[in-house]
Every structure is written in C-alpha cells, then in structure tokens.
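J.: This is the structure I have questions about; it appears just below.
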Amino acid sequence: MTLALPVPRGAFDLLLSHRPYRLYFASSSMGAFASAVEFIALGWLVVELSPGVLGVAAFFAIRFGAKVLLAVPAGLAADRYPRVTLYASMRVMSGLAALLGAGALLTAWPLEVALLAAGLSAAAHAMDLPAHRALQGDIYPRERLEQAISFGTGGFHIATLLAPIVALPLATVFGPGMPLLVAGAAFFMASMPAFRLPSTRVERVAATAKADVLAAVGFVARTPLVLGLLLAGCVPSVVDKCVTVMLPSSSGNEHGAFGVVLAAPEMGAIAIGFGLAAVPWRFSPWIPAVCGAAYVASVAAVSFAGLAMGPASIGLALFAGGCAKTGLMASAMAGMQRLVPAEMRGRVMTV
C-alpha cells in the first residue's frame, strides 16, 4: 500500500513537507547511529571480558547465527503483521539489548550477559531488516521513490560515520558501558517517530508459512531482474570485508589505512546520496550494473596497488568507491521497491 499524499518536487522538499517521510527518515537515521554505536561498544565489552579468542568468536557467531536463523521468520512477519509495529518494536528491543549490555559488568556473569545482549541485539536487527526495507515502498511517494531512497542513504551514512566518532572516545574514557547507554537512549528515541508512522498493513490472502516462502522464491526465480538486483546487493558486503583485510597490509600504514577505509568511502556515499536526491532520475538496470563495476574496480585498485599509491590517491579511490557503492545500493533498492509486489516485499527483501 502506498500512501496517497501530495508529492513535493524533490527529496529535500519531501523531507520538509511529507510527514511520514520525515518520521521514517528520523527513525532510520537515528537507528543506524544507535546500531553502529552498539556494535562497537558490545564488541569492545566482549574483548575486555574474554580471556582469549573464544569470547570474540562467540560474539560474531551469535550475530551471524541470529541473522541466518531468523531471516525467513523475519520476512514472513514483515508480510503478515503491521510493518510499522514490527519496525518500531524492534527499535525498543534493540534499546533494551544495549541497556542489558551496559549493565553486564554489574552482574556475576558479565561475559555471559554481554553475549546475551549481543544475541538480543542481533535478533532485533534480523527481525527489523525486512520490515525496515519493505516500509520504504509503503511510505515513499512512488513519483519520488529514487530521490527519497537516495536522501535516506545519505542520512544513513552520516549516522554511521558519526558512530565511531562518538563511541570510541566514550569507551576509551568511561568504558564500553557509556556508549551502550548512549546507544540504548538513541534506540528509544528512534522508536518514537517509528510508532507515529501511519499503518501500512497490506491486505493479503492467508497462507501457510511454506506456501508464503515458496511464493517469494518462485517470484524471484521468474523475475531475472529481481534476482540480479539481489545478487548485486551482495557485492558490497563481500568486497568491503576483503578490502578491510587487504588494505592495511598493502598500504604499509595500518592505523592510517583503517582511517581512510572508514572515512573516505563514507564521505563519498554521503556526497552521492544527497547528490542523487537533488536530481531527477529513475531506475534503470544499467545504473546498478555500471555502479557495481566501478565499485569493484576502485576497491581492486586500492587493494592490489596500495603500495604504489599515496594516501591521497587511496583516499580518492575509496571516495569514488563510496560514490559507486551508494549508486549501486540506491538504484538496486529503488528497482526492488518498484518490481516486487507490496504483499511479498518483506519475504523477497529478506533473501
């Protein structure tokens, strides 16, 4: 269901005059900041509490396992229940997980409590993601869908860039409990505009969970463009992890390299996100294809030619990579929102 509301000229006007968009943008950006701060602080806490690598391994296993185990139930829930309620409730659950982590040191089993908090956080994130993405097609006006997604992408990257700037100094001075308290407060603040979003429940014929899953898989199999967009969305996840590992060794300056990895791509993503929001454009399959190729090329250049590139060249290449990555993700998301029927958007997004 798409809300039939007046459509302003562009995403900047949209943010100011379209109340559902304004609420969603505020909740999404604040939630992205809180999620990044929580991840940093929980990881820091587990490292402090764990005597070896087992605690850290358990932390990442819990986060990955929750996403795998809850992927299908989360997609089903996003299509069966009111998405706004699910989306807002998971913000509250994430806030409770952050507060639980902050209080871990006050218990007799701090490591176990910290890992429990990590599990609750990962479960909330897994359940939140399909509803979060499916809501974009429900709330954003179709005539300005691409601009709205681009603007939201810019806000998301500003939030994730601010997170380590806030979390790391707080954790260094006060310990990881302080950034966890900040993350919890930010999650609760993010839930407030989320609960005020208008209901967007999609009317659909009741079916079994198996039938629902098979219907979504069948739709993807019958729609090669949707399958291609889903695969394109995997490219940044794989390449980002590769460059994070390879860049420090190739550049010979570990701390400086990680600073470039964190800052330059995010700055490029912010620039192109708000830039695309200011111009009229519509989804075309060529856009994610070209942006994906440019992204892989920029990262490959830095990863394999790092020793021959100075810091300025590395930063410029990664800035370009951030621009290309955001173009890829924004165009792929716009295509998915336009191609996937509203009643199965949650299940397809969870793929």
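J.: If a residue has to be surrounded by fewer than 23 Cβ atoms within 10 Å (Cβ to Cβ) and of a type outside the set (A, V, I, L, M) to count, how many in segment 129-139 make the cut?
T.: 2
J.: Something else now. I'm trying to understand the selection: among the residues of segment 60-99, which are outside any helix (DSSP H, G or I) and farther than 18 Å from residue 213 by Cβ?
T.: Listed by number, the list holds a single entry, 82.
J.: Among the residues in segment 208-227, are any at pLDDT 95 or above, within 30 Å of residue 344 (Cβ to Cβ), surrounded by 17 or more Cβ atoms within 10 Å (Cβ to Cβ) and not aliphatic (A, V, I, L, M)?
T.: So far as segment 208-227 goes, no, none of its residues is at pLDDT 95 or above, within 30 Å of residue 344 (Cβ to Cβ), surrounded by 17 or more Cβ atoms within 10 Å (Cβ to Cβ) and not aliphatic (A, V, I, L, M).
This table checks each residue for (1) without any contact (Cβ under 8 Å) to a residue 60 or more places away in the chain; (2) surrounded by 19 or more Cβ atoms within 10 Å (Cβ to Cβ).
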| residue | (1), (2) |
| --- | --- |
| 65 | yes, no |
| 69 | yes, no |
| 73 | yes, no |
| 87 | no, yes |
| 95 | no, yes |
| 110 | no, no |
| 114 | no, yes |
| 118 | no, yes |
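J.: Of the residues 301, 324, 308, 271, only one is crowded, with 16+ Cβ neighbours inside 10 Å and either basic (Lys, Arg) or at pLDDT below 85 (or both); which?
T.: 301
J.: Can you tell me which residue is nearest to the chain's Cα centre (by Cα) among those in segment 40-54 that are modelled with pLDDT under 90 and either of a type in the set (A, V, I, L, M) or not in a helix (DSSP H, G or I) (or both)?
T.: 47
J.: Is it fair to say residue 57 is out of contact with any Pro (no Cβ under 6 Å at 6 or more places or on another chain), surrounded by fewer than 16 Cβ atoms within 10 Å (Cβ to Cβ) and part of a helix (DSSP H, G or I)?
T.: Yes: the conditions hold for residue 57.
J.: Mind listing whichever residues of segment 119-166 are of a type in the set (Ser, Thr, Tyr) and over 13 Å from the mean Cα position of the chain (by Cα)?
T.: If the condition is that a residue be of a type in the set (Ser, Thr, Tyr) and over 13 Å from the mean Cα position of the chain (by Cα), then 121, 140, 150 are the ones that fit.
J.: Taking residue 163, is it modelled with pLDDT of 90 or more, within 25 Å of residue 97 (Cβ to Cβ) and surrounded by fewer than 21 Cβ atoms within 10 Å (Cβ to Cβ)?
T.: No.
The values are calculated or read from the model by the stated rules, or taken from the named source; none is laboratory data. Given the structure is predicted, the values throughout are model-derived calculations rather than measurements. For neighbour counting, all protein chains shown are included, and Cβ atoms are generated from backbone atoms with ideal geometry for every residue, glycine included.
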